[in-house]
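Scroll down for the structure; my scribbles are underneath it.
The values are calculated or read from the model by the stated rules, or taken from the named source; none is laboratory data. Just so it is clear, the structure is predicted and the values come from calculations on it, not from any experiment. Positions of Cβ are generated from backbone atoms using ideal geometry, with glycine treated the same way; all protein chains shown enter the neighbour counts. Side chains are part of the model used for accessible areas, which takes the heavy atoms of the whole protein and leaves out ligands, DNA and RNA. Shrake-Rupley method; radii C 1.70, N 1.55, O 1.52, S 1.80 Å.
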Amino acid sequence: MPRVATVLMLAASLGAASASRAAAHDVTVPKGTFLELTARSDFDSDHVKKGDRFTATVTRGLRVEDQLAIPAGSTVTGEIKSVRAPHDGAKSAAIGVKFESLDAAGKAYDIEGILVSLKADERKRMLEQQGKLLTGRHVDVILIGGGTEADMRADTLVGISGLDRDDLADDWAKSGLGPSSVHVRPGTTLTMQFDKSATLAAQPAARAAEDRNIYVSSDTIKSLQRVLHGRNYYAGEATGTLDQATRDAIARFQLDQGQAATGDAEQVTVQALGVTTAGLR
(Lines give C-alpha, C1' and ligand atoms only; values in the text may rest on other atoms or scores of the structure.)
Protein backbone atom coordinates (compact mmCIF):
# COMPACT_ATOMS: atom_id res chain seq x y z
CA MET A 1 0.00 0.00 0.00
CA PRO A 2 1.41 3.47 -0.89
CA ARG A 3 2.81 5.43 2.04
CA VAL A 4 0.40 8.37 1.50
CA ALA A 5 -2.65 6.09 1.59
CA THR A 6 -1.37 4.44 4.77
CA VAL A 7 -0.90 7.83 6.43
CA LEU A 8 -4.39 8.96 5.38
CA MET A 9 -5.96 5.77 6.73
CA LEU A 10 -4.10 6.17 10.03
CA ALA A 11 -5.21 9.78 10.31
CA ALA A 12 -8.82 8.81 9.63
CA SER A 13 -8.62 6.05 12.22
CA LEU A 14 -7.17 8.39 14.84
CA GLY A 15 -9.83 10.98 14.01
CA ALA A 16 -12.61 8.45 14.45
CA ALA A 17 -11.12 7.28 17.75
CA SER A 18 -10.87 10.89 18.93
CA ALA A 19 -14.49 11.56 17.98
CA SER A 20 -15.54 8.38 19.79
CA ARG A 21 -13.72 9.48 22.95
CA ALA A 22 -15.32 12.92 22.72
CA ALA A 23 -18.78 11.37 22.38
CA ALA A 24 -18.06 9.13 25.36
CA HIS A 25 -17.53 12.27 27.44
CA ASP A 26 -21.02 13.54 26.70
CA VAL A 27 -23.89 12.33 28.80
CA THR A 28 -27.60 12.71 28.11
CA VAL A 29 -30.01 13.54 30.91
CA PRO A 30 -33.36 12.07 29.76
CA LYS A 31 -36.60 13.95 29.56
CA GLY A 32 -38.50 13.45 32.81
CA THR A 33 -35.44 13.48 35.09
CA PHE A 34 -35.95 15.29 38.42
CA LEU A 35 -33.46 17.80 39.82
CA GLU A 36 -33.68 19.28 43.30
CA LEU A 37 -32.72 22.95 43.56
CA THR A 38 -32.13 25.54 46.27
CA ALA A 39 -33.36 29.05 45.48
CA ARG A 40 -30.75 31.80 45.50
CA SER A 41 -33.06 34.63 44.49
CA ASP A 42 -35.67 36.28 46.69
CA PHE A 43 -38.95 36.96 44.90
CA ASP A 44 -42.62 37.45 45.75
CA SER A 45 -45.94 37.87 43.98
CA ASP A 46 -46.28 41.52 45.03
CA HIS A 47 -43.20 42.63 43.13
CA VAL A 48 -42.21 40.04 40.53
CA LYS A 49 -43.59 40.18 36.99
CA LYS A 50 -43.85 37.85 34.03
CA GLY A 51 -40.49 37.49 32.29
CA ASP A 52 -38.39 38.21 35.40
CA ARG A 53 -35.58 35.75 36.04
CA PHE A 54 -34.36 34.03 39.18
CA THR A 55 -31.55 31.63 40.02
CA ALA A 56 -31.18 28.44 42.02
CA THR A 57 -28.36 26.00 42.69
CA VAL A 58 -28.35 22.23 42.25
CA THR A 59 -28.59 20.63 45.70
CA ARG A 60 -27.17 17.18 44.85
CA GLY A 61 -24.95 16.21 41.97
CA LEU A 62 -26.61 14.12 39.25
CA ARG A 63 -24.85 11.12 37.75
CA VAL A 64 -26.13 9.17 34.78
CA GLU A 65 -24.76 5.61 34.69
CA ASP A 66 -22.14 6.89 37.18
CA GLN A 67 -20.98 9.69 34.87
CA LEU A 68 -21.26 13.09 36.56
CA ALA A 69 -23.59 15.18 34.41
CA ILE A 70 -24.51 18.01 36.79
CA PRO A 71 -22.26 18.79 39.78
CA ALA A 72 -23.77 20.01 43.03
CA GLY A 73 -23.71 23.80 43.15
CA SER A 74 -24.39 24.23 39.43
CA THR A 75 -26.62 27.22 38.65
CA VAL A 76 -30.06 26.94 37.09
CA THR A 77 -31.80 30.08 35.81
CA GLY A 78 -35.58 30.21 35.76
CA GLU A 79 -38.17 32.61 34.41
CA ILE A 80 -41.46 33.78 35.86
CA LYS A 81 -44.14 32.65 33.40
CA SER A 82 -47.22 33.86 35.30
CA VAL A 83 -48.16 35.89 38.37
CA ARG A 84 -51.49 36.21 40.13
CA ALA A 85 -51.69 38.80 42.92
CA PRO A 86 -54.28 41.02 44.68
CA HIS A 87 -53.12 44.13 42.82
CA ASP A 88 -54.36 42.35 39.65
CA GLY A 89 -57.65 41.29 41.27
CA ALA A 90 -56.60 37.82 42.51
CA LYS A 91 -58.10 36.52 45.76
CA SER A 92 -55.26 33.99 46.17
CA ALA A 93 -51.73 34.57 44.93
CA ALA A 94 -49.82 32.25 42.61
CA ILE A 95 -46.57 32.20 40.65
CA GLY A 96 -45.82 29.95 37.70
CA VAL A 97 -42.19 29.31 36.74
CA LYS A 98 -40.12 27.52 34.13
CA PHE A 99 -36.40 26.75 33.93
CA GLU A 100 -34.35 27.81 30.93
CA SER A 101 -30.60 27.47 31.43
CA LEU A 102 -27.99 25.49 33.33
CA ASP A 103 -24.42 26.51 34.12
CA ALA A 104 -22.46 23.36 35.01
CA ALA A 105 -18.68 23.30 35.47
CA GLY A 106 -18.33 26.62 33.67
CA LYS A 107 -20.37 25.57 30.62
CA ALA A 108 -23.76 27.08 29.81
CA TYR A 109 -26.59 24.98 28.38
CA ASP A 110 -30.09 25.83 27.24
CA ILE A 111 -32.59 23.55 28.96
CA GLU A 112 -36.35 23.17 29.22
CA GLY A 113 -37.53 22.47 32.74
CA ILE A 114 -40.85 22.60 34.59
CA LEU A 115 -41.75 22.94 38.25
CA VAL A 116 -42.83 19.71 39.97
CA SER A 117 -43.29 18.49 43.53
CA LEU A 118 -41.74 15.64 45.50
CA LYS A 119 -44.16 15.90 48.42
CA ALA A 120 -45.70 12.44 48.67
CA ASP A 121 -49.35 13.57 48.59
CA GLU A 122 -48.78 15.91 45.65
CA ARG A 123 -46.74 13.31 43.81
CA LYS A 124 -49.62 10.85 44.18
CA ARG A 125 -51.97 13.49 42.80
CA MET A 126 -49.67 14.06 39.85
CA LEU A 127 -49.67 10.33 39.08
CA GLU A 128 -53.45 10.13 39.37
CA GLN A 129 -53.98 13.10 37.08
CA GLN A 130 -51.34 11.92 34.62
CA GLY A 131 -53.49 8.88 33.91
CA LYS A 132 -56.63 10.94 33.27
CA LEU A 133 -55.26 13.60 30.94
CA LEU A 134 -57.23 14.55 27.86
CA THR A 135 -55.65 15.74 24.64
CA GLY A 136 -54.31 19.27 24.95
CA ARG A 137 -54.05 19.15 28.75
CA HIS A 138 -51.06 18.69 31.05
CA VAL A 139 -50.30 18.32 34.75
CA ASP A 140 -49.32 21.74 36.11
CA VAL A 141 -47.59 22.81 39.33
CA ILE A 142 -47.55 26.38 40.65
CA LEU A 143 -46.15 28.17 43.70
CA ILE A 144 -48.79 29.27 46.22
CA GLY A 145 -49.12 30.58 49.76
CA GLY A 146 -46.20 31.63 51.93
CA GLY A 147 -43.66 29.92 49.72
CA THR A 148 -41.90 27.93 52.43
CA GLU A 149 -42.56 25.41 55.14
CA ALA A 150 -40.48 24.43 58.13
CA ASP A 151 -38.39 22.16 55.89
CA MET A 152 -37.91 25.01 53.38
CA ARG A 153 -39.83 23.23 50.61
CA ALA A 154 -41.86 25.54 48.40
CA ASP A 155 -45.63 25.52 48.89
CA THR A 156 -47.03 24.17 45.63
CA LEU A 157 -50.37 23.27 44.08
CA VAL A 158 -50.88 20.44 41.60
CA GLY A 159 -53.60 20.58 38.97
CA ILE A 160 -54.31 20.53 35.25
CA SER A 161 -53.92 23.29 32.68
CA GLY A 162 -54.35 23.52 28.94
CA LEU A 163 -51.24 23.59 26.81
CA ASP A 164 -49.77 27.12 26.74
CA ARG A 165 -52.43 28.25 29.22
CA ASP A 166 -52.47 29.04 32.95
CA ASP A 167 -55.80 27.47 33.92
CA LEU A 168 -54.56 26.25 37.30
CA ALA A 169 -53.23 29.68 38.30
CA ASP A 170 -56.42 31.37 37.10
CA ASP A 171 -58.68 28.99 39.01
CA TRP A 172 -56.59 29.29 42.17
CA ALA A 173 -56.54 33.11 41.93
CA LYS A 174 -60.35 33.17 41.82
CA SER A 175 -60.82 30.65 44.64
CA GLY A 176 -59.78 32.70 47.66
CA LEU A 177 -58.58 29.46 49.25
CA GLY A 178 -55.02 30.55 49.86
CA PRO A 179 -52.93 33.46 51.13
CA SER A 180 -52.75 36.69 49.16
CA SER A 181 -48.98 36.56 48.72
CA VAL A 182 -46.32 34.09 47.55
CA HIS A 183 -42.79 34.63 48.83
CA VAL A 184 -39.87 32.43 47.79
CA ARG A 185 -36.84 33.12 49.95
CA PRO A 186 -33.21 32.13 49.39
CA GLY A 187 -32.78 28.57 50.66
CA THR A 188 -36.24 27.44 49.56
CA THR A 189 -36.24 23.98 47.94
CA LEU A 190 -37.65 23.82 44.41
CA THR A 191 -37.92 20.68 42.28
CA MET A 192 -37.42 20.80 38.54
CA GLN A 193 -38.16 18.17 35.92
CA PHE A 194 -36.43 18.15 32.55
CA ASP A 195 -39.16 18.66 29.95
CA LYS A 196 -36.68 17.88 27.19
CA SER A 197 -33.54 15.73 27.25
CA ALA A 198 -30.24 17.57 27.64
CA THR A 199 -26.81 16.47 26.43
CA LEU A 200 -24.06 17.71 28.74
CA ALA A 201 -20.32 17.28 29.07
CA ALA A 202 -19.55 14.59 31.65
CA GLN A 203 -17.32 15.74 34.50
CA PRO A 204 -14.34 13.72 35.80
CA ALA A 205 -14.94 14.54 39.47
CA ALA A 206 -14.90 11.75 42.05
CA ARG A 207 -18.29 10.63 43.29
CA ALA A 208 -19.58 12.55 46.31
CA ALA A 209 -21.65 10.77 48.94
CA GLU A 210 -24.63 13.06 48.23
CA ASP A 211 -24.62 12.52 44.45
CA ARG A 212 -27.64 10.83 42.89
CA ASN A 213 -26.95 8.10 40.35
CA ILE A 214 -29.63 7.15 37.84
CA TYR A 215 -29.70 4.36 35.25
CA VAL A 216 -30.95 4.82 31.71
CA SER A 217 -29.52 1.92 29.69
CA SER A 218 -31.98 -0.18 27.72
CA ASP A 219 -30.90 -3.39 29.49
CA THR A 220 -31.45 -1.92 32.96
CA ILE A 221 -34.80 -0.36 32.06
CA LYS A 222 -35.97 -3.61 30.49
CA SER A 223 -35.05 -5.50 33.68
CA LEU A 224 -36.88 -2.92 35.79
CA GLN A 225 -39.98 -3.21 33.60
CA ARG A 226 -40.02 -6.98 34.02
CA VAL A 227 -39.68 -6.78 37.81
CA LEU A 228 -42.24 -3.97 38.09
CA HIS A 229 -44.63 -5.99 35.91
CA GLY A 230 -44.21 -8.97 38.21
CA ARG A 231 -45.09 -6.76 41.17
CA ASN A 232 -48.16 -5.28 39.43
CA TYR A 233 -46.75 -1.77 39.11
CA TYR A 234 -46.29 -1.87 35.34
CA ALA A 235 -48.68 -3.27 32.74
CA GLY A 236 -46.70 -2.71 29.54
CA GLU A 237 -44.14 -4.69 27.60
CA ALA A 238 -40.47 -4.84 28.55
CA THR A 239 -39.25 -2.51 25.80
CA GLY A 240 -36.19 -1.02 27.48
CA THR A 241 -37.60 2.49 26.88
CA LEU A 242 -37.90 4.83 29.85
CA ASP A 243 -41.31 6.19 28.82
CA GLN A 244 -43.97 7.90 30.93
CA ALA A 245 -45.71 4.63 31.83
CA THR A 246 -42.41 3.22 33.12
CA ARG A 247 -41.63 6.39 35.06
CA ASP A 248 -45.09 6.31 36.65
CA ALA A 249 -44.60 2.67 37.65
CA ILE A 250 -41.20 3.46 39.19
CA ALA A 251 -42.71 6.43 41.05
CA ARG A 252 -45.52 4.32 42.49
CA PHE A 253 -43.00 1.75 43.72
CA GLN A 254 -40.87 4.54 45.22
CA LEU A 255 -43.88 5.95 47.07
CA ASP A 256 -44.65 2.54 48.54
CA GLN A 257 -41.01 2.22 49.62
CA GLY A 258 -40.92 5.66 51.22
CA GLN A 259 -38.40 6.88 48.64
CA ALA A 260 -38.51 10.23 46.85
CA ALA A 261 -40.89 9.48 43.97
CA THR A 262 -38.81 10.92 41.13
CA GLY A 263 -39.76 8.23 38.62
CA ASP A 264 -36.06 8.05 37.78
CA ALA A 265 -34.25 4.71 37.94
CA GLU A 266 -32.38 5.78 41.07
CA GLN A 267 -29.62 3.52 42.30
CA VAL A 268 -31.45 2.93 45.59
CA THR A 269 -34.61 1.99 43.65
CA VAL A 270 -32.78 -0.37 41.32
CA GLN A 271 -31.22 -2.07 44.34
CA ALA A 272 -34.59 -2.33 46.12
CA LEU A 273 -36.03 -4.08 43.06
CA GLY A 274 -33.13 -6.53 42.99
CA VAL A 275 -31.96 -5.49 39.53
CA THR A 276 -28.25 -5.94 38.87
CA THR A 277 -26.32 -3.43 36.77
CA ALA A 278 -22.66 -3.22 35.85
CA GLY A 279 -22.10 -0.66 38.60
CA LEU A 280 -23.82 -2.78 41.25
CA ARG A 281 -22.10 -6.12 40.64
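Quick notes on this one:
- Area accessible to solvent at His229, 1.4 Å probe radius, in Å²: 90
- Folded to 0 to 90 degrees: helix 244-257 orientation relative to the chain principal axis, Cα: 70
- Carbon-plus-sulfur accessible fraction, the chain (probe radius 1.4 Å, protein heavy atoms only): 50%.
- Value of [θ]222 nm, deg cm²/dmol, for the chain, DSSP H segments ≥ 4, -39500 (n - 2.57) each, nearest 500: -8500 deg cm²/dmol
- Which label in (1) 82, 45, 38; (2) 79, 43, 33; (3) 134, 57, 32 gives the computed Cα extents along the principal axes in Å: (1)
- For Thr33, nonlocal amide neighbours, meaning residues 5 or more places apart or on other chains whose placed amide H falls under 5 Å from its own, are Phe194.
- One chain, two ends: Leu133 and Arg207. Fully extended at 0.36 nm per residue, the span grows by 22.7 nm beyond their Cα-Cα distance.
- Normalised contact order of the chain, rounded percent, pairs of Cα under 8 Å and 6 or more residues apart: 22
- Across Leu115, Leu157, the residue with the most accessible area heads the list, and the full order at a 1.4 Å probe is Leu157, Leu115.
- Cross-link pairs exceeding 25 Å in C-alpha to C-alpha distance, out of Lys50/Lys124; Lys49/Lys107; Lys50/Lys196, comprise Lys50/Lys124; Lys49/Lys107.
- Paramagnetic reach from His87 in region 155-191 [backbone N under 16 Å; point 7 Å along Cα→Cβ]: 180-184
- Ranking Lys31, Lys81 from most to least accessible surface, computed with a 1.4 Å probe over the protein chains only, gives Lys31, Lys81.
- Alpha-carbon gyration tensor eigenvalues x 5, square-rooted, for region 127-281, Å: 32, 21, 15
- Put Asp195, Asp211 in order of accessible area, highest first, and with a 1.4 Å probe you get Asp195, Asp211.
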